[in-house]
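Enquirer: Shown below is the structure under consideration.
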Amino acid sequence: MSLKPLLGQRALITGGSKGIGGGIASKLASLGCQVTLMSRNINNLKTKVHELNNEYPNNEEHQWHSFDLKCSYDLESFLKTNIQYEKINILINCAGQSQKRLLVSTSIDEISSITNVNLISPMILCKLFARSMSKTKSTKHL
């Protein structure tokens, strides 16, 4: 078995600049995967990608793209403009937004924001990547 079983694979990880998403990014990169991180915080993204490129250099550098998943209506055009998503064959949806108060005290804007980040954007990503992933043939399996 190869020491890097995911060499040549490409992953997009939302919420990948820290927390669970950051941990998954490190693990995939250590296995040879080229990762692209998506998050709102540019400084966290730059720091994490710099860390990945130093600790887990691969054939291609790891990348980042700043995007706020609250803006789900812009997601498809953002991907088509900024990310070669047809080459990505692993999608990890780790971004999330929690609710900090009781529902009766939550504004409609906050409910909309939570729904976009936690449900609508991941569904759009799955829809967009399902087409390209079904066309990608991988001979590598873990």
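The values are calculated or read from the model by the stated rules, or taken from the named source; none is laboratory data. Just so we're clear, the structure is a prediction, and the values are computed from it rather than from any experiment. All accessible areas refer to the heavy atoms of the entire protein, side chains included, with ligands and DNA or RNA removed. Shrake-Rupley method; radii C 1.70, N 1.55, O 1.52, S 1.80 Å.
Enquirer: Rounded to the nearest whole Å², what accessible area per residue is found for the chain with the 1.4 Å probe?
Expert: 60
Enquirer: Under 21 Å between C-alpha atoms is the cut-off here; go through the range 63-134 and count lysine pairs that meet it, provided they're at least eight residues apart or on different chains.
Expert: 5
Enquirer: Is the range 26-91 best put as rounded, prolate or oblate by its Cα gyration tensor, with a ≥ b ≥ c the root eigenvalues, rounded for a/c under 1.5, and otherwise prolate when a/b is larger than b/c, oblate when not?
Expert: Oblate, since a/c reaches 1.5 and b/c is not below a/b.
Enquirer: For mean projected area of the Cα convex hull in nm², pick the label among (i) 9.8; (ii) 9.1; (iii) 10.5 that corresponds to the value derived from the coordinates.
Expert: Derived directly from the coordinates: (ii).
Enquirer: If you don't mind, another one. Tabulate in residue order the Karplus-calculated ³J(HN,Hα) for the range 31-38, using 6.51 cos²θ - 1.76 cosθ + 1.60 with θ = phi - 60°, rounded to whole Hz; enter x for Gly and Pro.
Expert: Ordered by residue, 3J(HN,Hα) equals 8, x, 6, 8, 10, 10, 9, 10 Hz.
Enquirer: Taking all protein chains as present, what is the carbon and sulfur share of the accessible area of the chain, in % to the nearest whole number, probe 1.4 Å?
Expert: Ligands and nucleic acids excluded, carbon and sulfur give 54 percent.
Enquirer: Excluding ligands and nucleic acids, what accessible area in Å² is computed for L102 using a 1.4 Å probe, to the nearest 10?
Expert: 130
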